[in-house]
Amino acid sequence: VQLVESGGGLVQTGGSLRLSCAASASIFSFNAMGWYRQAPGKQRELVATITSGGDINYADSVKGRFTVSRDNAKNTMYLQMNSLKPEDTAVYYCNGRTKNFYNYWGQGTQVTVSS
């Protein structure tokens with residue numbers, strides 16, 4: 001299964017972006033999907049996850065600003081990011097985890113928030 005992210009770019013503080021993660025196969029093969037990010041010099045961190053049952057979890061730093069969703073018919077997961085801050089600047093990665101805990105990763109998409 002391949003995961004391909006899109007939608008990253010350069011935006012000013014307070015702006016919005018919508019990231020997409022398109023899977024090459026049915027996302028029902030994933031027990032959970034999520035978005036992670038990695039800023040320069042920092043470890044990769046969880047942003048948001050959504051399970052096949054619809055349970056959602058967010059990092060405290062993005063609660064109230066980011067919304068994760070999935071469209072099973074399109075085999076795509078989304079991350080709507082509002083009220084962006086410079087500290088949101090990072091490479092954002094899509095993740096899919098199977099019921100056997102095997103992880104698939106996308107190549108990442110750069111998000112840059114200017115102050």
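The values are calculated or read from the model by the stated rules, or taken from the named source; none is laboratory data. A quick note: this is a predicted structure, and the numbers were derived from the prediction, not measured. Neighbour counts run over all protein chains shown; Cβ positions are idealised from the backbone, glycine included. When the accessible area is computed, the model is the full protein with side chains, heavy atoms only, and any ligands, DNA or RNA have been set aside. Shrake-Rupley method; radii C 1.70, N 1.55, O 1.52, S 1.80 Å.
Global size of the chain: 13.3, 42 Å for Rg and Dmax (C-alpha atoms, Rg to one decimal, Dmax whole).
Rounded to the nearest 20 debye, what is the charge dipole size of the chain about its Cα centre when +1 sits on each Lys and Arg Cβ and -1 on each Asp and Glu Cβ? All intermediate terms of the calculation are to be shown ahead of the outcome.
Numbers: 11 positive and 7 negative charges, 16 e Å.
That gives a dipole near 80 debye.
The aspartates and glutamates whose alpha-carbon is closer than 20 Å to the alpha-carbon of Lys42, local same-chain residues fewer than 8 away aside, are Asp60, Glu87, Asp88.
Taken per residue, the accessible surface of the chain reaches 54 Å², heavy atoms only and a 1.4 Å probe. Once you reduce region 38-66 and region 68-115 to the center of their Cα atoms, the two points are 8 Å from each other. Give the long-range amide H neighbours of Thr89: residues separated by 5 or more places, or on another chain, with amide H under 5 Å away, using H modelled in the peptide plane at 1.01 Å from N. Placed amide hydrogens put Val113 under 5 Å from Thr89.
The coefficient of translational diffusion for region 1-48, derived via Stokes-Einstein from the alpha carbon Kirkwood radius under 20 °C and 1.002 mPa s, stands at 166 µm²/s. For region 1-100, the carbon plus sulfur part of the accessible surface works out to 46%, probe radius 1.4 Å.
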